[in-house]
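Shown next, in structure tokens, is the structure this report addresses.
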Amino acid sequence: MQAYQHILLATDFSEHATLVADRAKDLATRYQAKLSVLHVVDNLPITDSTYGPIIPFDIDITEQLISASKERLAQIGERLGIPEDRRWVEVGSPKAEIVRVAELEQVDLIVVGSHSRKGLGILLGSTASSVILHAKCDVLAVRLLE
Ligand code: AMP
């Protein structure tokens with residue numbers, strides 16, 4: 001069995017993210033693997049034609065979210081020793097982007113949390129289950145109890 005060479009930590013910055021990050025770091029150390037980190041800025045629609053505009057059309061918060069994400073990734077990267085060029089921000093659907101980036105970057109293990117705050121009480125959240133289903137590499141879903 002070949003050792004993991006490139007591990008991808010998918011982080012949602014939730015309160016559980018530190019636990020998931022520490023597990024990814026521990027595995028990277030044990031396997032002497034490269035560690036990269038990814039956050040996906042969810043491109044949820046900010047308007048809904050049924051209810052009318054929720055946020056005025058001229059406000060585009062994506063750029064602010066990207067820049068805030070980069071700052072958070074810098075903190076995580078510093079703590080875990082992940083170099084700047086392996087701290088990635090993408091915009092889109094988290095489940096699809098995690099799988100896409102993992103393939104593109106030839107990752108052999110993806111580390112996600114079993115669920116986020118939104119998924120409290122659910123055994124496996126929708127992001128984790130979709131990544132497990134679609135990824136071409138191994139996926140570790142770190143069990144989060146609450
Ligand atoms: P969920 O299925 O949304 O409860 O999230 C489960 C796990 O998927 C989280 O603990 C993260 O590891 C990962 N994840 C969820 N959303 C994102 C995101 N926007 N960017 C990167 N990873 C995410």
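Just so it is clear, none of the values below were taken in a lab; they were calculated from the coordinates. Predicted model, so just to flag it, every value in this text is computed and none were measured. Cβ: placed from backbone, ideal geometry, glycine included. Neighbour counts: every protein chain shown.
Between residue 88 and residues 5 or more places away or on another chain, which pairs have amide H atoms under 5 Å apart, with H built 1.01 Å from N, and which residues are they?
When sequence neighbours closer than 5 places are left aside, the close amide H contacts are 37, 38, 39.
How high is the FRET efficiency between residue 3 and residue 79 when r is their beta carbon distance and R₀ equals 22 Å, given to the nearest 0.05?
In this case the efficiency is close to 0.40.
In nm, to one decimal, how far is the residue 103 label point from the residue 18 one, both placed 7 Å along Cα→Cβ?
3.6 nm
Residue 144's amide H: which non-local residues (gap 5+, or another chain) put their own amide H closer than 5 Å, with H modeled 1.01 Å from N in plane and none for Pro or chain starts?
Under 5 Å from the amide H of residue 144 lie the amide H atoms of 114, 115, each far enough along the sequence or on another chain.
Taking 0.36 nm per residue of sequence separation and subtracting the Cα-Cα distance, how much length would be gained by fully extending the chain between residue 93 and residue 26, in nm to one decimal?
Gain on stretching residue 93 to residue 26: 21.4 nm.
Does the range 62-108 classify as rounded, prolate or oblate by the C-alpha gyration tensor (a ≥ b ≥ c root eigenvalues; a/c under 1.5 gives rounded; else a/b over b/c gives prolate, otherwise oblate)?
Oblate, because a/c is 1.5 or more while a/b does not exceed b/c.
Quick one: which residues, 5+ away or cross-chain, put their amide H under 5 Å from the amide H of residue 109? H built at 1.01 Å from N.
6, 8
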